[in-house]
Amino acid sequence: MLDIKKSYRNITLLKPDHPEYLAFLARIRDANPPRGGGRQAGEYLGGLVELCVRHWLNEQIPLSHERILSWEQKLKNGRHGTMFRELDAVWQIDHESFCLYELKFTLPEFMENGSGLKQLNIAANILENIPGIKYILRRIVYLSETPVAVLADEDYPEGIPVVTPDDETTDLGVIWVPMESIETAAQNLAIELPENWRLPEAREGTVLDAEQEEMRKHLSTVNEGATNMGNSLAEALQRALESH
């Protein structure tokens, strides 16, 4: 296993609007300019669903504004470079405990195989090396009308245990978000989900410019009404637009 204490340093959590993180995103956009055409429908829909899931979670637990994991990592040239990893949601339970949430809007076969757990483990392994941090809880967040057993094996005969968003004791758990809750959150955020958003077909193909303009309208609405989560929802939409 990677010795993080030797390879990584200055580990911290930042807000999505932190200048260094915004500059990092700008460099990525400059290195990968858009080539025209629509965005992938699955990516577009996944971004909207993520906003709704975060809204749903924040109604039950106080999500942290700081959810961008930043650290300095030793590079091949021997120097250290600043790296970033965006976390879907973070709950700081107390001064020594965090709960990390990784959302995967995916198909049953991928949920059964624990899609998202690898990303959770990477983030947890880095974050737990901040001085004073003792507990890092991990939550895979899925959406499905018919929940499945996740990673059922000899360690978890019935799959990874299902927990509620505010569970403070289970090291690793799965959260199932009701589809109806996503639709309610979308209404609260003035987001219009595709009519067939629950079906796999909604993630196929590309998103046309007209739909991207709708996203800009959502951004304007969220900017006006976001209070509970500051500007994090609007920032997420803005980043999705700027990445196109």
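The values are calculated or read from the model by the stated rules, or taken from the named source; none is laboratory data. The model shown is predicted, which means the values in this text are computed figures rather than measured ones. As a convention, Cβ positions derive from the backbone with ideal geometry for all residues, glycine included, and neighbour counts pool all protein chains shown.
Some observations on this one:
- Qualifying positions in segment 26-75 - among the polar types (S, T, N, Q), at pLDDT 95 or above and in a loop (DSSP other than H, G, I, E, B): 60, 64
- Members of segment 123-147 that are modelled with pLDDT of 95 or more and among the β-branched types (Val, Ile, Thr): 136, 140, 141
- Where residue 16 falls short, out of the listed (1) modelled with pLDDT under 90; (2) buried (at least 18 other Cβ atoms within 10 Å of the Cβ): (1)
- Of the listed requirements (1) crowded, with 18+ Cβ neighbours inside 10 Å; (2) touching a Pro at 6+ places or on another chain (Cβ under 8 Å), residue 126 misses just one: (2).
- Yes/no for residue 202 being at pLDDT 90 or above and either over 16 Å from residue 52 (Cβ atoms) or aliphatic (A, V, I, L, M) (or both): no
- Candidates in segment 42-64 are the residues that are surrounded by fewer than 16 Cβ atoms within 10 Å (Cβ to Cβ) and not polar (S, T, N, Q); of these, the one that is nearest to the chain's Cα centre (by Cα) is 43.
- Scanning segment 94-111 for residues that are buried (at least 20 other Cβ atoms within 10 Å of the Cβ) and assigned to a helix (DSSP H, G or I) yields one hit, 111.
- Within segment 76-93, being in a strand (DSSP E or B) and either over 13 Å from the mean Cα position of the chain (by Cα) or aromatic (Phe, Trp, Tyr) (or both) holds for 80, 81, 82, 83, 84, 91, 92, 93.
- Count - residues of segment 176-191 that are in a helix (DSSP H, G or I), under 25 Å from residue 115 (Cβ atoms) and either in contact with a Lys or Arg (Cβ under 7 Å, 6 or more places away or on another chain) or not β-branched (Val, Ile, Thr) (or both): 6
- The number of residues in segment 137-161 being touching a Gly at 6+ places or on another chain (Cβ under 7 Å) and either touching a residue at least 40 places away in the same chain (Cβ under 8 Å) or not in a loop (DSSP other than H, G, I, E, B) (or both) comes to 4.
- Tabulated pairs, segment 64-83, first under 13 Å from residue 123 (Cβ atoms) and aromatic (Phe, Trp, Tyr), second part of a loop (DSSP other than H, G, I, E, B) and modelled with pLDDT under 90, C-beta under 9 angstrom, 6+ apart or interchain: 71/129
- Matching residues, segment 88-122, being aliphatic (A, V, I, L, M), within 15 Å of residue 173 (Cβ to Cβ) and out of contact with any helix residue (DSSP H, G or I) (no Cβ under 9 Å at 6 or more places or on another chain): 93, 111, 117, 120
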